[in-house]
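Asks: Quick one: the structure is below, questions incoming.
The values are calculated or read from the model by the stated rules, or taken from the named source; none is laboratory data. Model, not experiment: these values are computed from the prediction. All Cβ positions, even for glycine, are placed from backbone atoms using ideal geometry, and neighbour counts span all protein chains on display.
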Amino acid sequence: MNPLTVIAADYHYPPHARAVVDLLDAYARDPAGGGHPLSEHARSNLVRELALRPQAFSVLAFDAEQPVGLVNCIEGFSTFACRPLVNVHDVVVLASHRGHRVGERMLAEVERMARDRGACKLTLEVLSGNAPAWRLYQRIGFAGYQLDPALGSARFLQKCLD
């Protein structure tokens, strides 16, 4: 593995735009990402739509010129803290580069960028069976949360609208 470069993605720079789509597609095809490729709609529109949203940002990892990692983030807002928060929406590391702390390096850059935005916290979701991701997130300081132990831990839910 060559020296790793971790940088904020520039959605208007074609090599970065291609890397965002190709890496997210690789993640979507992986069992941890659902096991299906991105739709043609997503492939054609993702980067343009991200670029339209000032609350969205991405971090890329390159091994020399090869894109090997991606983190997509969306800024939200904590009403309790009355400050921004950053949701880590996608974490992608190509299989060839797993186990080399690529995810850790990208998430350190995400944390730096979140602090620059004045964020009070990072949030993310992870599948319970994804043990390597759980270990990474715990190693770098992520933990489940609860407001009142009597009410239990928070859970992430979804409701699909189409």
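Asks: Can you tell me which of E125, E75 is of a type outside the set (A, V, I, L, M), modelled with pLDDT under 95 and in contact with a Phe, Trp or Tyr (Cβ under 9 Å, 6 or more places away or on another chain)?
Replies: None of the others qualify; the one that does is E125.
Asks: A further question on this structure: Within segment 97-120, does at least one residue satisfy the condition of being of a type outside the set (D, E, K, R), buried (at least 18 other Cβ atoms within 10 Å of the Cβ), modelled with pLDDT of 95 or more and farther than 23 Å from A19 by Cβ?
Replies: Checking segment 97-120: at least one residue is of a type outside the set (D, E, K, R), buried (at least 18 other Cβ atoms within 10 Å of the Cβ), modelled with pLDDT of 95 or more and farther than 23 Å from A19 by Cβ.
Asks: State the number of residues belonging to segment 59-104 that are within 21 Å of E125 (Cβ to Cβ), in contact (Cβ under 8 Å) with a residue 60 or more places away in the chain and not aliphatic (A, V, I, L, M).
Replies: 2
Asks: Which residues, taken from segment 121-134, are hydrophobic (A, V, I, L, M, F, W, C), surrounded by 14 or more Cβ atoms within 10 Å (Cβ to Cβ) and in contact (Cβ under 8 Å) with a residue 40 or more places away in the chain?
Replies: A133
Asks: So, in segment 21-34, how many residues would count as being at pLDDT below 95 and either over 15 Å from E125 (Cα atoms) or under 14 Å from the mean Cα position of the chain (by Cα) (or both)?
Replies: 4
Asks: Let me ask something else about it. Does L136 satisfy being closer than 20 Å to Y27 by Cα, in contact with a helix residue (DSSP H, G or I) (Cβ under 7 Å, 6 or more places away or on another chain) and either basic (K, R) or not in a helix (DSSP H, G or I) (or both)?
Replies: When the stated conditions are applied, L136 does not pass them.
Asks: Would you pick out the residues in segment 62-76 that are of a type in the set (G, A, S) and either part of a strand (DSSP E or B) or buried (at least 18 other Cβ atoms within 10 Å of the Cβ) (or both)?
Replies: Scanning segment 62-76 gives G69, G76.
Asks: Name every residue in segment 2-50 that is at negative phi and either in a loop (DSSP other than H, G, I, E, B) or touching a Cys at 6+ places or on another chain (Cβ under 8 Å) (or both), in order of residue number.
Replies: Of everything in segment 2-50, those that are at negative phi and either in a loop (DSSP other than H, G, I, E, B) or touching a Cys at 6+ places or on another chain (Cβ under 8 Å) (or both) turn out to be N2, P3, A9, D10, Y11, H12, Y13, D30, H36, P37, L38, S39.
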